[in-house]
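Readers should treat all values here as calculations from the given coordinates under stated rules, not as data from a laboratory. Computed from a predicted structure; not experimentally measured. Methodologically, a virtual Cβ is constructed for each residue, glycine included, from the backbone with ideal geometry; neighbour enumeration extends over all protein chains shown.
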Amino acid sequence: MTILEGLQEKAASVSPIGNTLKFNFGDEIVYIDGTGDANTVSAEDKDADCTVSVTKEDFMALVKGDLNPMMAFMGGKIKVSGDMGVAMKLQSLLG
């Protein structure tokens, strides 16, 4: 399963986040639009309320619980630009 597929599955199972969020994996973009009745996930590179830049390896470690999100952020493994409040909603998508 790709990261895009995994996020599509997870995002569909949780309440809409109420914002737009973009993951930048360097060579791949995943865009989450949670402003409607459901979260939609695509590979579109559009402007988002918040952009999270992270390597695929670190993202997978976060999802598996092998990497603490706060430590990853403080250590510079995750870079957040835009609305930090939106980044805090990631727990519902990744948890």
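Note on region 41-95: semi-axes of the ellipsoid equivalent to its C-alpha gyration tensor, largest first and rounded to whole Å, are 18, 13, 11. When the Cα positions of 48, 87, 69 are compared along the charge dipole of the chain, 69 comes out farthest toward the positive end, with charges on each C-beta of Lys, Arg, Asp and Glu. Compared with the dominant Cα axis of the chain, that is its longest principal axis, helix 3-12 is turned about 50°. Please say if the chain is rounded, prolate or oblate, where rounded means a/c under 1.5 for a ≥ b ≥ c the square roots of the C-alpha gyration tensor eigenvalues, and otherwise the choice is prolate for a/b larger than b/c and oblate otherwise? Rounded. Mean residue ellipticity, 222 nm, helices only, the chain: the sum of -39500 (n - 2.57) across DSSP H runs of n ≥ 4, divided by residue count and rounded to 500, is -9000 deg cm²/dmol.
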